[in-house]
Amino acid sequence: MAINTTIHKSLTSSPKLKVINDASLVNHKFWSEFVRNHPQGNVFQTPQMYAVFEETEGFVPILIVVMDDELIKGIQLAVIQQETKRNLGIFSRRAVIRGGPLIDENDKEVLKLILDEYNDIIKDKVLYTQIRNWLILHPINQFFLNVITSIWTILIFCWI
């Protein structure tokens, strides 16, 4: 079952931008094309992976999409993972972001919107977030590092 705290959120800084975190409201064809055409696109940000996470015991997907009218400007698919066979499963709850977020034209405003929405969603749900970023020299990394310092949860920023 996916977390769905906000269906649509209009943003005051850019009236045309909206944040969606309900996968049923995102055109999966456009979503797939965005990921496939993005230079850092990867399987872990696809609608198919969302479906895998949704059907896997102990996994809860978190999707955040920033739209400009009908165009996708940014996507982040994360998953909350919890060990289900332990009595202390709540203490193993963590979020993992693999190879994302994917931002169109490295738009820092879109990245900030995604991270702010993500922070709102995971608040009080996980102990930490692990970000598995594939590229060390990605242009948004410095901005990303600056923004995540304001997020309340402990973030582990990994380059694989």
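Taken together, the values in this text are just the output of simple stated rules run on the coordinates, not laboratory data. Everything numeric in this text was worked out from a predicted model, so none of it was measured. Glycine also receives a Cβ, built like all others from the backbone with ideal geometry; neighbour counts cover every protein chain displayed.
Sort the following peptides by mean Cβ neighbour count (other Cβ atoms within 10 Å, averaged over residues), highest first: 32-38, 42-48.
Ranked from most to least packed, the peptides come out as 42-48, 32-38.
First select every other residue whose beta carbon is under 15 angstrom from the beta carbon of Asn37; then total the charges, Lys and Arg +1, Asp and Glu -1.
Computed value for this residue: 0.
Based on the mean of other beta carbon atoms within 10 Å per residue, what is the order of 102-109, 62-69, most packed first?
So the order, starting with the most tightly packed, is 62-69, 102-109.
Arg98's amide H: which non-local residues (gap 5+, or another chain) put their own amide H closer than 5 Å, with H modeled 1.01 Å from N in plane and none for Pro or chain starts?
Long-range HN contacts for Arg98: Arg132.
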